[in-house]
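What follows is one structure encoded as structure tokens, with my remarks underneath.
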Amino acid sequence: ELYFDNSKKFETTSIGAKVTGDLDSTTGIFERTSGFTSQLKFNISNETQLIHGSNNQVKLSFVGFGNAARGFIDGQSGFIQIKTAADETGIICRDNSSTELHFDGSKKFETTSTGVTVTGQIISDGLQMGDDERIKLGTGDDLEVYHNGTNAQIDNNTGNLEIRNDGTFSGTRNIFLRARVDEASVTCKSDGAVELYHDNSKKFETASGGVNIQGDITIASSTNAPKITF
């Protein structure tokens, strides 16, 4: 046993040693308050602190010179979280449950039992999905985009399916359907014609006064043959 002014401060035990009061050094200090909160402080200016609270909270606090806050890791019953110096939540990991990512204290990403939930926009430099993995849009999965292993498909399950340009632009914007990357099939021109092609050669075109046809018109014979009246 070691004493200071007749007061015991240090005692060896069968498993180690026991200190009464703070354990102080040139690089840190250990202290335990009357409320059973223990703190381990590193560096003479207490720049990093490991705290065990009376409520079983464990907190690793990063404190800069002059007691300036640098953020902390906070572990409590059921979860652990990382917060910034401004006490804004960055990451929360919950027991047997979700992990959350935040921006400026606002939750943007959360894992779920079936995948993830994103609040806001997703900006990516690439998205790769396997066969029959679907992009589903709408509350009831109204629109699905996927590749079934053989074909690429767009399935619309409600209402109309529209492909259109924004009507607020000025100038010309067209819609192209191509059987090959360099082969025209259908062209829809804004404020203009609709064109139909055969093997990249235009055969049919709408015009303000009717239609224009390149080549012959062939009408298949049938019991009720159609008539062309001039």
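The values are calculated or read from the model by the stated rules, or taken from the named source; none is laboratory data. Because the structure is predicted, anything quoted here is derived from the model rather than measured. When we count neighbours, we look across all protein chains shown, and the Cβ atoms used for this are built from the backbone with ideal geometry, even at glycine. Surface areas here come from the heavy atoms of the whole protein model, side chains and all, with no ligands, DNA or RNA. Shrake-Rupley method; radii C 1.70, N 1.55, O 1.52, S 1.80 Å.
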Give the long-range amide H neighbours of residue 85: residues separated by 5 or more places, or on another chain, with amide H under 5 Å away, using H modelled in the peptide plane at 1.01 Å from N.
-> 71
The chain: relative contact order in percent, alpha carbon pairs under 8 Å with at least 6 residues between = 5 percent
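Remind me, relative contact order of region 95-171 in percent, using alpha carbon pairs under 8 angstrom and six or more residues apart?
Details: 77 pairs, mean separation 10.9, N = 77.
Over region 95-171, the number comes to 14 percent.
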Over the alpha-carbon set of the chain, work out the extent along each principal axis and list the three values in angstrom, largest first.
-> 125, 39, 29
What percent of all Cα-Cα pairs in region 93-190 falls in each 10 Å bin, counting up from 0?
-> 11, 25, 35, 19, 8, 2
Convert each backbone phi in region 82-88 into a coupling constant with the Karplus relation 6.51 cos²θ - 1.76 cosθ + 1.60 (shift: θ = phi - 60°), then list the ³J(HN,Hα) values in order as whole Hz, x for Gly and Pro.
-> 10, 10, 7, 4, 7, 6, 8
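Only four residue types carry charge here, +1 at the Cβ of Lys and Arg and -1 at the Cβ of Asp and Glu. Report the dipole size of the chain about the Cα centre in Debye, rounded to the nearest 20.
Details: 21 positive and 31 negative charges, 35 e Å.
I would put it at about 180 debye.
Accessible area per residue of the chain at 1.4 Å probe, in Å²?
On the way: 17810 Å² over 230 residues.
Using a 1.4 Å probe on heavy atoms only, each residue of the chain averages 77 Å².
For the pairs 41/107; 83/107; 8/41; 136/189, flag any whose C-alpha to C-alpha distance is greater than 21 Å. Mind dumping the intermediate values first?
Numbers: 41/107 32 Å; 83/107 13 Å; 8/41 23 Å; 136/189 29 Å.
Violating the 21 Å limit, Cα to Cα: 41/107; 8/41; 136/189.
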